[in-house]
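Read the structure below first, then the notes.
The values are calculated or read from the model by the stated rules, or taken from the named source; none is laboratory data. On a predicted model such as this, the values are computed, not experimentally measured, just so you know. Here Cβ is always computed from backbone atoms with ideal geometry, including for glycine, and neighbour counts include all displayed protein chains. Accessible surface areas use protein heavy atoms only, side chains included; no ligands, DNA or RNA. Shrake-Rupley method; radii C 1.70, N 1.55, O 1.52, S 1.80 Å.
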Amino acid sequence: MTEQRKKINLPYLFKKVQDGEPITWLTCYDYPTAYLQEQAGVEMILVGDSLGMTMLGYDSTLPVTMDDMIRHTQAVRRGAPTAFVIGDMPYMSYQPSVETAIRNAGRFMAEAGCDAIKLEGGAQMADKIKGIVDAGIPAIGHLGLTPQSVSALGGFRVQGKSAALAKRILDDAKALEKAGAFAILLELVPDRLCQLITEQAENCIIMSLGSGPHAHGQLLIYHDMFGLYPKFKPRMAKVFGNAGEVILNGLKGYVQEVTTGVFPQPENWFGMPDEEYDELVKTMKTGA
Ligand code: KIV
């Protein structure tokens, strides 16, 4: 992408749905990656609270704060000025009350220049979605595997495999759409459940993360795509390149070259005119 594209907005996203064109969505947490995603034409960017794991090295997303999220989202916004940037509401930034949810969603918009926010949970979060949407902030729901509730869900595993649990997710999707969510992310639900929810959605964009091809678009975690998360690679993730390996080899090369004196070379440093150097040495000797 050489020319700056137009700002991605809600009418653009709904037009893609209407035209049957899949929407592209990735996670991102920093300026240089946001710059690259913008250049590549990625349409939606999620500044996920997964940054707690991918960037900050925690074992879960739970310790992530609003201040962490705002700092990273600001950097992403600077790198991707035309992408549709979504701030992910971290743990306990919306669960306690509708007012807390609206205030923190408002921070994403006012302090980080977001286009929308995302929060996890079904019908029990409908009042928070409604409050946020009524405050004029576009909101995305998140169903299926919701990492903030990973303990209650029994681990990182597919959700909604039984008819009863699938029905609950379907009902949750309806409740979120009714509450005003303009989009819902389905993470790790069976492909046929994702298809049913997509077919039944009336005015809501359904996005898939590991939930099959029948949604209106796809989301992937950037670090999983490029071998940048050392602890594990989820089965649903496709590796599009091994940047982790490239960087590791480069780092080993650096250590080797410094150790053996190959780096630096004259092109890596700056000299000083002879007369200035001689003057310096003279000054040091005389102390003047
Ligand atoms: O935080 C995040 O990146 C997310 C994805 C797992 C969807 O919420």
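The table for this structure:
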quantity: Any hit, segment 68-84, residues being closer than 19 Å to Gly121 by Cβ and outside any helix (DSSP H, G or I); calculated: no
quantity: Enumeration of residues in segment 42-61 that are farther than 17 Å from Phe226 by Cβ and either part of a loop (DSSP other than H, G, I, E, B) or open to solvent by 30 Å² or more (accessible area, probe 1.4 Å) (or both); calculated: Glu43, Asp49, Leu56, Gly57, Tyr58, Asp59, Ser60, Thr61
quantity: Cβ-Cβ under 6 Å pairs, at least 6 apart or on other chains, segment 145-164 side closer than 18 Å to Val64 by Cβ, far side within 14 Å of the ligand (Cβ to nearest atom) and not in a loop (DSSP other than H, G, I, E, B); calculated: Leu145/Glu187; Thr146/Glu120; Gln148/Glu120
quantity: Qualifying residue in segment 264-274 (condition: out of contact with any Ser or Thr (no Cβ under 8 Å at 6 or more places or on another chain) and surrounded by 11 or more Cβ atoms within 10 Å (Cβ to Cβ)); calculated: no
quantity: Residue in segment 180-191 that is more than 16 Å from the ligand (Cβ to nearest atom) and hydrophobic (A, V, I, L, M, F, W, C) present; calculated: yes
quantity: Lone qualifier among Ala152, Ala179 - being at pLDDT below 95 and closer than 29 Å to Arg107 by Cα; calculated: Ala152
quantity: Any hit, segment 242-254, residues being open to solvent by less than 70 Å² (accessible area, probe 1.4 Å) and touching a Gly at 6+ places or on another chain (Cβ under 9 Å); calculated: yes
quantity: Qualifying positions in segment 17-50 - more than 20 Å from Met207 (Cα to Cα) and within 14 Å of the ligand (Cβ to nearest atom); calculated: Asp30, Thr33
quantity: Given (1) at pLDDT below 95; (2) surrounded by fewer than 18 Cβ atoms within 10 Å (Cβ to Cβ); (3) in a helix (DSSP H, G or I), index of the condition Asp171 fails; calculated: (1)
quantity: Number of positions in segment 13-30 that are over 21 Å from the mean Cα position of the chain (by Cα) and in a loop (DSSP other than H, G, I, E, B); calculated: 3
quantity: Set Val133, Val150: member being open to solvent by 10 Å² or more (accessible area, probe 1.4 Å), assigned to a helix (DSSP H, G or I), in the same structural domain as Ala105 (by TED's automatic domain parsing) and closer than 21 Å to Ser50 by Cβ; calculated: Val150
quantity: In segment 206-223, the residues that are in a helix (DSSP H, G or I) and either open to solvent by 20 Å² or more (accessible area, probe 1.4 Å) or modelled with pLDDT under 95 (or both); calculated: Tyr222
quantity: Condition met for Gln195 (of a type outside the set (D, E, K, R), over 24 Å from Val133 (Cα atoms) and assigned to a helix (DSSP H, G or I)); calculated: yes
quantity: Count of segment 71-113 residues which are open to solvent by 10 Å² or more (accessible area, probe 1.4 Å), among the hydrophobic types (A, V, I, L, M, F, W, C) and within 16 Å of the ligand (Cβ to nearest atom); calculated: 2
quantity: Pair list, Cβ < 6 Å and 6+ apart or interchain, from segment 21-35 residues that are farther than 17 Å from Gly48 by Cβ and in contact (Cβ under 8 Å) with a residue 40 or more places away in the chain to residues that are of a type outside the set (S, T, N, Q) and more than 14 Å from the ligand (Cβ to nearest atom); calculated: Tyr35/Gly79
